[in-house]
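Asker: Attaching a single structure in structure tokens format; questions to follow.
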Amino acid sequence: LNSSRSTMSAEMDALTVVNQLRDLAADPLNRRAIVEDQGCLPGLILFFDHPNPQVVYSALLAVRYLAECRANREKMKSELGMMLTLYEVYASIVCIVWCL
């Protein structure tokens with residue numbers, strides 16, 4: 001029972017953090033600062049592997065917002081793990097759709 005509570009708490013913490021990043025990224029005035037920050041983009045990339053689909057969705061939405069700023073795109077493409085992890089998320093979605 002305690003381990004399931006701690007798991008739920010960790011998932012809620014992850015969802016809270018990623019939702020806050022998503023909300024910040026939704027504002028065009030914040031987008032460049034988020035990408036230039038040392039920890040935000042790598043943190044978002046880590047959320048792509050999260051077991052909670054809501055966390056993954058919010059992380060993907062945040063990245064989409066960040067990519068709307070043309071000045072961010074090169075840095076985002078060159079961020080370690082970004083393109084590979086995005087491809088893996090895409091591939092898992094395609095697999096789910098085809099398996100239905």
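Read-outs throughout are calculated quantities, based only on the coordinates presented, and are distinct from any laboratory measurement. Just so you know, these numbers come straight off a predicted model, no measurement behind them. Counting neighbours? That spans all protein chains shown, and the Cβs are built from the backbone with ideal geometry, glycine included.
Asker: With a cut-off of 17 Å, note down the residues of segment 74-96 whose backbone N falls inside the zone around a label point 7 Å from the Cα of residue 32 toward its beta carbon.
Answerer: 74-76
Asker: On to the next question. Determine the sum of side-chain charges near residue 32: Lys and Arg each +1, Asp and Glu each -1, restricted to other residues whose C-beta is under 15 angstrom from that of residue 32. List each step's numbers first, then the result.
Answerer: Values: positive: 31, 70, 73, 75; negative: 27, 36, 37, 68, 74, 79.
Counting the neighbours of residue 32, the net charge comes to -2.
Asker: Stretch residue 68-residue 13 to full length: gain in nm at 0.36 nm per residue minus the Cα-Cα span? Working shown, then result.
Answerer: Working: separation 55, 0.36 × 55 = 19.80 nm, distance 2.66 nm.
Gain on extension, residue 68 to residue 13, equals 17.1 nm.
Asker: Please give, to one decimal in nm, the separation of the simple spin-label points placed at residue 57 and residue 77, each 7 Å out from Cα toward the Cβ.
Answerer: Going by the 7 Å Cα→Cβ label model, 3.0 nm.
Asker: All other residues with a Cβ under 14 Å from the Cβ of residue 20 taken together, and with Lys, Arg as +1 and Asp, Glu as -1, what is their net charge? Before the final figure, lay out the partial values.
Answerer: Numbers: positive: 22; negative: 13, 23, 27, 37.
The answer is -3.
Asker: Net charge around residue 68, counting only other residues with Cβ within less than 12 Å of its Cβ (Lys, Arg = +1; Asp, Glu = -1)? Mind dumping the intermediate values first?
Answerer: Numbers: positive: 31, 32, 64, 70, 73; negative: 27.
Here the count lands on +4.
Asker: So if I place +1 on the C-beta of Lys and Arg and -1 on the C-beta of Asp and Glu, and nothing else carries charge, what would the dipole magnitude of the chain be about its Cα centre? I want it in debye, nearest 20. Before the final figure, lay out the partial values.
Answerer: Numbers: 9 positive and 11 negative charges, 44 e Å.
With Lys and Arg at +1 and Asp and Glu at -1, about 220 debye.
Asker: Something else about it: log10 I(q)/I(0), Debye, Cα-only segment 35-74, no solvent, q = 0.19, 0.28 Å⁻¹?
Answerer: -0.53, -0.95
Asker: Right, here's the next one. Hey, if you put +1 on the Cβ of every Lys and Arg and -1 on every Asp and Glu Cβ in segment 2-99, which of 91, 53, 67 ends up farthest toward the positive end of that dipole?
Answerer: After comparing all options, I get 67.
Asker: Now a separate question. Please express the Cα-Cα pair-distance distribution P(r) of the chain as a list of whole percents, one per 5 Å bin, running from 0 to the bin with the greatest distance.
Answerer: 2, 13, 22, 22, 17, 12, 7, 3, 1, 0
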